[in-house]
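K.L.:
Right, I'll just put the structure down here and ask away after.
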Amino acid sequence: MKIPTAMDDSSVSHHNGGQVGSEIGVSVNNKQNEESSQSVQYSIPGILHFIQHEWARFELERSQWEVDRAEFEARIAFLQGERKGQENLKNDLVRRIKMLEYALKQERAKFHKLKYGVELQQGDMRPPSDEPPVEPEPAERTQWKQGRQLIKQYLQEIGYTDTILDIRSNRVRTLLGENSEEQTEESNYRNCDKHRYSTNTAVGRKRMMYDYGGKDQQCKGAVSGGYNEEGLSVQENAVFANFEFLANQEMDMDEIEDLDTKQAHHTQIKQEEVDHEAEEVLNELNLLTETEADGGGQGDEYVGASDEKPLALGELAQLTVSNEPEAYDVAGASKESFRKTWNPKYTLRSHFDGVRAVAFHPNEAALVTASEDHTLKLWNLQRTVPAKKSAGLDVEPLYTFRAHTAPVLCLAMGAPRSEECFSGGIDATIRVWNLPSATADPYDPYDAAVQGPVLRDHTDAVWSLSSLQGRLLSASADGTARLWSPRAARPLLCTLRDDALTASNAAPAAADFADAATRAAVVYNDGTLLLYDLETTQAVLRVPCSSPATRVRSHPSLPVLVTAHEDRHIRFWDAVSGRCAHAMVAHLDAVTGLALDPNGLFLLSGSHDCSVRLWNLDTKTCVQEITAHRKKFDEGILDVAFHPVRPFIASASADGLAKYALLVLVSLVLPTYRVYPTCVAVSRRATGTPYEDASSRPPQWRLRFVNDSVTSPPVPID
Amino acid sequence: MSDGVLRRNRPGSKAKDFCRWPDQPIEEMDNTLAVQQLIQQTIRRDPSNLEAILKMPEAQEEGVWKYEHLRQFCMELNGLTVRLQNECKPNTCTQMTATEQWIFLCAAHKTPKECPAIDYTRHTLDGAACLLNSNKYFPSRVSIRDSSVGKLGSVCRRVYRIFSHAYFHHRAIFDAFEKETHLCKRFTHFVTKYSIISKEILILPKLDDETPISQPVGESEA
Ligand SMILES: [Zn+2]
Ligand SMILES: [Zn+2]
């Protein structure tokens, strides 16, 4: 976009052109005169006033720095604790990896025996101990070649010709960079294997995670470990990559530090390119693996999301990014990736007031924000403007949605339709929007078709929206939650109201679909959590809680509801029994934002304490904390979001202030939301068992039922 | 916070309670958004009290004061734009005009363009949002360079055209909006008080009077 400048005054006069220009000239001259006369006449009171003024300003700045310092100190203490925890976690993971490895070998031996009737000679068949695994002998090389031939045959049968294989292997080779002859062969092989995996054994597997950061490690692992010769699947490779990753930690830390401090401009760009190409390959692979059906409620969504191939990242690849680590293997939960602090990657400034809600596009690198300035804005994260080196990238909005007549409070993206979004606000309306295309110009002519239907049944502020399977769930201060079919002739499907709560003046604060959209979880501003059956519109579960609730999210595949509360807690509820499965003090102030990653492994929370925290749902530990916003009045972060398929998280704030490490400008105070690079492309299987068993879920789905004592016992209805 | 009041909008609260908290004295505002907070709470108390709204606190940097006010004007103009969208169509208001004396070209494009009035309005506000939030020109909300303060003038001139188009072509909308917000009156007061745009450009009649004074050349309404 082009920023209007003072010089291009663009009025055109029919009769007396140039009038405006001359006026400006005059006023500028006046100004100059004033300035020059001021510079001559210094007066004692004037100087004193100036000094007083400056002193006050410095005092203000000093107090700000002191606040910063205190926060950083708290942060250091927090991170030190985290580090300890992560070390324990690592040890545990290494142990688990070894067990998996052992189980895998056993399985392979069994298979070999069944097929060839001979015992397979494997290097190490002992149960895992604390020693590192023994490497297999090189004598198996011929056997490996046979195996490779066999796999090639399979691939040909299913339509993978040599040409395709060669193209793929070339691609992988370029990704891996420098390659000896031997490595080439190996990567080639690994590549074939990948596709065998993705095409043949896709059933029962969800998606594959392949961490970019571990790429190099994986390469090293291939050379030194030689495990590839046994025909490992990609999954195993990933596991081993992790393993190597952990083993090489010390060195790797240094590398990252190096990158941070010394990396030159051009190498950074290169790194970007590599990453994005890697992403492209991964996306392709994901496409292959993702399209299979899945028993869980998430399945449909995934298929929808992967229908379209995500945009190529060509443009982004050209850009220099100040924080280089692009992706993190969250699933691996290696302490490496979490110890590195995540910094905001983009700062989205364009709203004039606090940003109340943020929602990502279902598959593209785009998001919509809703603000108290009465507007919504659409952002394409691939259209960025390089800002100051230290400040990351600036993104300018693609489109400004104007129709609300009061602050906009909530937002939901269309699901499964990705070209629409919904917003609700203080003006009691819910509006349906048709999103302009991602290539639209912000200064295109007005298109009335952007505005869709308006839902006007609510009689007070609409505070929460949730969309699933073409239906929309809203929660309003008028005491009701409503279910809509937004584009139908009679859009209102049903109204969820609880007489007891209405009588006590409690209003819904937030709502979310639960149980594959057959139920609705609604939290009230007195703390009550109700689960409504959407068929009967009756409450089937009622859970009282003493602290006012601000958000509710239902787990994508487990019968678990997560609620955020003003008493700084996040609570986990069993959606069947109403038991409080877990409660934890999550922040220093009221928790205001909650988001679950699409795989249900991680939870993101935001708070008026201005921090965003990422939680491992299995262990309920905080794995990342980001403090990058500032308060307006007493409000801090107001919403957080996960991108459904891309490695982004975002936070919206009453007001945002760039405040991450080393940034000198303390006074960047603009309503912003920030998008952080993370990795949500998490494999469910990466931490689970490598054996497919359609009926049983991988172990990480287990939620621990501890700490029941925090809340009063629930009162189930019926 | 120091007075024990939490100035927060809790999810589920009524529309009438939105931002309805006791005023906070400017001395107690300890954050970088103090000026915006002050302006907004003064407007909320009484949008018609122009003197109070435009009364700059002592020891306040004037550049920041003007900048924050202009942000607030652009923000509130979204309200006028929403109303205009229903009536000011590209086929009826094909050009941005106030009186028939001028046609204003939209400066948001690479080469200034004869945008229809509604697009001129939207593009001008979107452009202002980009400029006023630009990290390059306005990296801070506590202190602003003089060179950046200079940029406010052109934004104000364009913003004024939105008021004047609404006044001369969509008078009913303008009056209803003005009755509620007193925005044009406040804007005129603002640009006059700080001499941001010259009096000759201010073509709207004094809004307090029933009869327009010194009507410029051309007819008053379309
Ligand atoms: Zn018009
Ligand atoms: Zn234009």
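The values are calculated or read from the model by the stated rules, or taken from the named source; none is laboratory data. Worth saying up front: this structure is predicted, and the values here are computed from it rather than measured. Please note: Cβ atoms are built from the backbone with ideal geometry, for glycine as well, and neighbour counts cover all protein chains shown. We work out accessible area using only protein heavy atoms, side chains counted, and drop any ligands, DNA or RNA first. Shrake-Rupley method; radii C 1.70, N 1.55, O 1.52, S 1.80 Å.
K.L.:
Calculate how steeply helix B:171-181 sits against the longest principal axis of the alpha-carbon atoms of chain B, using the helix alpha-carbon long axis, and give the answer as 0 to 90 degrees to the nearest 10.
P.N.:
10
K.L.:
Here's something else I'd like to know. Once you place label points 7 Å from the Cα toward the Cβ at A:ALA103 and A:THR459, how far apart are they in nm?
P.N.:
If labels sit at A:ALA103 and A:THR459, their model points lie 5.8 nm apart.
K.L.:
B:ASP30 to B:GLU51: FRET efficiency via 1/(1 + (r/R0)^6), r the Cβ-Cβ distance, R0 22 Å, to the nearest 0.05?
P.N.:
Taking R0 as 22 Å, the efficiency between B:ASP30 and B:GLU51 is 0.25.
K.L.:
At a 1.4 Å probe, what is the % contribution of carbon and sulfur to the accessible area of region A:384-509?
P.N.:
Answer for region A:384-509 is 51 percent, counting heavy atoms of protein chains only.
K.L.:
Shielding of B:148-154 by partners, i.e. mean partner chain Cβ atoms within 10 Å per residue?
P.N.:
Counting other chains' Cβ atoms within 10 Å and averaging over B:148-154 gives 3.
K.L.:
What pairs in A:LYS110/A:LYS145; A:LYS377/B:LYS16; A:LYS345/B:LYS151; B:LYS14/B:LYS89; B:LYS113/B:LYS151; A:LYS377/B:LYS193 have C-alpha atoms more than 23 Å from each other?
P.N.:
Table pairs above 23 Å Cα-Cα are A:LYS377/B:LYS16; A:LYS345/B:LYS151; B:LYS14/B:LYS89; A:LYS377/B:LYS193.
K.L.:
In nm, what is the difference between 0.36 nm times the number of residues separating A:ALA56 and A:ALA516 and their Cα-Cα distance?
P.N.:
Using 0.36 nm per residue and subtracting the Cα-Cα distance, I get 159.8 nm.
K.L.:
Another question, then. Find the relative contact order for region A:467-591 and round it to a whole percent, using C-alpha pairs within less than 8 Å whose residues are 6+ positions apart.
P.N.:
15
K.L.:
Separate question: Magnitude of the Cβ-charge dipole of chain B, K/R +1 and D/E -1, about the Cα centre, nearest 20 debye?
P.N.:
Its charge dipole is roughly 680 debye.
K.L.:
Please give the total accessible area that chains A and B bury against each other, computed with a 1.4 Å probe and expressed in Å² to the nearest 100.
P.N.:
Summing both sides, the interface buries roughly 6800 Å².
K.L.:
On to the next question. Give the Kirkwood hydrodynamic radius (Å, one decimal) of region A:384-508, defined as one over the mean of 1/r across all pairs of different Cα atoms.
P.N.:
The answer is 16.0 Å.
K.L.:
Would you work out the charge dipole size for region A:510-605 about its Cα centre, treating the Cβ of every Lys and Arg as +1 and the Cβ of every Asp and Glu as -1, and quote it to the nearest 20 debye?
P.N.:
Dipole about the Cα centre, nearest 20: 120 debye.
K.L.:
For A:542-550, what's the mean count of beta carbons from other chains sitting within 10 Å of each residue's beta carbon?
P.N.:
So the per-residue partner count for this stretch is 1.
K.L.:
If you wrap a convex hull around the Cα atoms of region A:497-592, how much volume per residue is inside, in Å³?
P.N.:
Per-residue hull volume (Cα only) is 82 Å³.
K.L.:
Normalised by the residues of region B:1-137, what does the relative contact order come to in percent, with Cα pairs under 8 Å and at least six apart?
P.N.:
That works out to 15 percent.
K.L.:
How high is the FRET efficiency from B:LYS89 to B:SER147, r the C-beta distance, R0 35 Å, rounded to 0.05?
P.N.:
Between B:LYS89 and B:SER147 the formula returns 0.35.
K.L.:
Another question, then. One quarter of the convex hull surface, Cα atoms only: what value does that give for chain B in nm²?
P.N.:
14.0
K.L.:
Could you tell me the calculated FRET efficiency between A:SER546 and A:HIS112, based on Cβ-Cβ distance and R0 = 60 angstrom, to the nearest 0.05?
P.N.:
According to the calculation, E is roughly 0.50.
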